[in-house]
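Presented below is the structure to which this report refers.
What follows is calculated from the coordinates using simple rules that are stated; it is not laboratory data. Every value quoted in this text rests on a predicted model; they were computed, and no experiment measured them. Positions of Cβ are generated from backbone atoms using ideal geometry, with glycine treated the same way; all protein chains shown enter the neighbour counts.
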């Protein structure tokens, strides 16, 4: 049996999302193929080897288990594996593959991928450079611009380069009456720190909110149209599986954190069926083009807007998409006839080989 270590939690504001995703993944792993251990990273950064169930991970009760063991991942390639902090003589577990169900900063930004590479243990997901580029919305937009794909008009700012008042004035002057606009932290996902701005009076609060989460922000022109998504599964043989087109249906048009992960009533996900085969193919090909340009591996979800004029507008790429029961990625992959369990197995096999 292959030894799989699932890592969840983390330091980012998306800690809870990670736990929800990990709980779902753990409940779908094929225990006939994998020997599974789990490490939860607390909000304070402590690594705990835990025997918590998916239900405990989802609720947060895993942190209170008295048999959790503080551990660390060795970067000594002559002594690979997971070690206890209070007894580092022998490894407590030597995984064949690492499955980081980590979202946002320190999880998707190349930080932990660097640790895994130094530890010389295969892991699921993109490597350091791809992770770092994909999580930064400004960097991603620069790369996508080079591909010639349509995307929303935008500005980017860094904290401290100029006074916030001057930045807000630049935003107001640049976009003039093109509201709504969206102010986003450059590296946050799950709509954390994102504000929809309807007029000039709301710009300052939106900028301040974004800077609470990162020292760089992106301001985008609002795009009117459907918010659509494509799941990419990398088979590891050069072939990318692109899913059907998924669409987010909600009341507010702005897909907030609560709608993504907590409010299954107001927000619905459906497979788009009213596009022609040519339109679907073009969206899928654009998703693959972005995936390859960023040199991603394993999996990603690529998000677009499909405008009222029939234009395809790139939004963002997520290299570790949500895996909760409400998440788009597993739903889209399963629509391709691939079982959730088989999807995880394929990702592990791809990482190991």
### Task
Would you please put 340-349, 151-160 in order of how densely packed they are, using the mean number of other Cβ atoms within 10 angstrom per residue and starting with the highest?
340-349, 151-160
### Task
Report, to the nearest 10°, how far helix 137-147 tilts away from the longest principal axis of the Cα atoms in the chain, using its own Cα long axis and a range of 0 to 90°.
70
#### Entry: Least to most buried among 31, 82, 147 (fewest other Cβ within 10 Å first)
31, 147, 82
#### Entry: Sorted by Cβ neighbour density within 10 Å, fewest at the top, the residues 237, 30
237, 30
## Note on the structure
Longest principal axis of the chain (C-alpha) makes with the long axis of helix 277-293 (C-alpha) an angle, in degrees to the nearest 10, of 60
### Summary
For 66-74, 45-53, ranked highest to lowest by mean beta-carbon neighbours within 10 Å, the order is 45-53, 66-74
### Summary
Cα-based Rg then Dmax for segment 2-123, in Å, read 13.4, 38
### Query
Relative to the longest principal axis of the chain, what angle (0 to 90°, nearest 10) does the C-alpha long axis of helix 164-175 take?
60
### Query
If you count the DSSP beta bridges with both ends in segment 2-123, what percent of them are antiparallel, to the nearest 5?
45
## Note on the structure
Residues 313, 19 in order from fewest to most other beta-carbon atoms within 10 Å are 313, 19
### Summary
Among the Cα-Cα pairs of segment 34-106, the proportion with separation greater than 22 Å, in percent, is 23
### For segment 158-233, the spread of Cα positions along each principal axis, largest first, Å
43, 26, 16
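Given a Förster distance of 56 Å, report the FRET efficiency between residue 277 and residue 3 from their Cβ-Cβ distance, rounded to the nearest 0.05.
0.85
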### Query
Expressed as a rounded percentage, what relative contact order does segment 178-231 have, with Cα pairs under 8 Å and six or more residues apart?
44
### Message
Rg over Rh of the chain, using C-alpha atoms and the Kirkwood radius, what does it come to?
### Response
0.97
### Query
Sorted by mean Cβ packing within 10 Å, highest first, what order do the peptides 327-337, 197-207 take?
327-337, 197-207
